[in-house]
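**Student:** Before I ask anything, let me first share the structure, which is written out below as structure tokens.
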């Protein structure tokens, strides 16, 4: 059976919706942050991230940032590598995955006069975003449903 909802005149009040949207974005940023931290779990150093927000009348932006060079180089890859790795070296991370293993070996030396093929991009940001994109539309629909329930009278 169909359910009819009377929609009040103030239903399109942007303040109410913007508050819900902000709440949803903040929650989503925390979920995305956890995904972006996963590849660093086995790293020898801690990677610091920050969540920065800005808003205007027509946009809400939450950015997750890090200034960690290793994270940046692994995420985006490099065209050249100057490090010579030890025999049997295996990386802790792999392209398209947010998982991190123990890896083996390490840097033997860095020599800019003997460049080697670059680091293959791991695409941490792209992978995390793709994982969440499947959930975004469902979650955003839930935000709209909550807004309707809070503002509509049955």
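The values are calculated or read from the model by the stated rules, or taken from the named source; none is laboratory data. Predicted, not measured: the structure shown is a model, and the values here were computed from it. All Cβ positions, even for glycine, are placed from backbone atoms using ideal geometry, and neighbour counts span all protein chains on display.
**Student:** With respect to residue 33, determine if the residue is at pLDDT 95 or above, out of contact with any helix residue (DSSP H, G or I) (no Cβ under 6 Å at 6 or more places or on another chain) and outside any loop (DSSP other than H, G, I, E, B).
**Tutor:** For residue 33, the condition - at pLDDT 95 or above, out of contact with any helix residue (DSSP H, G or I) (no Cβ under 6 Å at 6 or more places or on another chain) and outside any loop (DSSP other than H, G, I, E, B) - is met.
**Student:** Report whether or not residue 11 is modelled with pLDDT under 85, surrounded by 12 or more Cβ atoms within 10 Å (Cβ to Cβ) and outside any loop (DSSP other than H, G, I, E, B).
**Tutor:** On the way: modelled with pLDDT under 85: yes; surrounded by 12 or more Cβ atoms within 10 Å (Cβ to Cβ): yes; outside any loop (DSSP other than H, G, I, E, B): yes.
It is true that residue 11 is modelled with pLDDT under 85, surrounded by 12 or more Cβ atoms within 10 Å (Cβ to Cβ) and outside any loop (DSSP other than H, G, I, E, B).
**Student:** So residue 56 fits all but one of (1) exposed (fewer than 14 other Cβ atoms within 10 Å of the Cβ); (2) touching a strand residue (DSSP E or B) at 6+ places or on another chain (Cβ under 7 Å); what number is the exception?
**Tutor:** Answer for residue 56: the failing condition is (2).
**Student:** Scan the range 135-154 for residues that are outside any helix (DSSP H, G or I) and within 16 Å of the chain's Cα centre (by Cα) and jot them down.
**Tutor:** Once the filter is applied, which keeps residues that are outside any helix (DSSP H, G or I) and within 16 Å of the chain's Cα centre (by Cα), the range 135-154 yields nothing.
**Student:** Let me ask you something else. Does the range 110-134 hold any residues that are loosely packed, with under 12 Cβ neighbours inside 10 Å and closer than 25 Å to residue 98 by Cα, and which are they?
**Tutor:** The answer is 117, 130, 133, 134.
**Student:** Output yes when any residue across the range 58-78 is over 29 Å from residue 136 (Cβ atoms) and at pLDDT 95 or above, and no when none is.
**Tutor:** The answer is yes; a qualifying residue exists.
**Student:** Something else: Could you figure out which of (1) under 30 Å from residue 146 (Cα atoms); (2) in contact (Cβ under 8 Å) with a residue 12 or more places away in the chain isn't true of residue 39?
**Tutor:** (1)
**Student:** Filtering the range 91-109 down to residues that are under 23 Å from residue 35 (Cα atoms) and over 22 Å from the mean Cα position of the chain (by Cα), which residue is surrounded by the most Cβ atoms within 10 Å (Cβ to Cβ)?
**Tutor:** 103
**Student:** Would the range 133-152 turn up any residue that is modelled with pLDDT of 95 or more, closer than 17 Å to residue 33 by Cα and in contact with a helix residue (DSSP H, G or I) (Cβ under 8 Å, 6 or more places away or on another chain)?
**Tutor:** No, every residue in the range 133-152 fails to be modelled with pLDDT of 95 or more, closer than 17 Å to residue 33 by Cα and in contact with a helix residue (DSSP H, G or I) (Cβ under 8 Å, 6 or more places away or on another chain).
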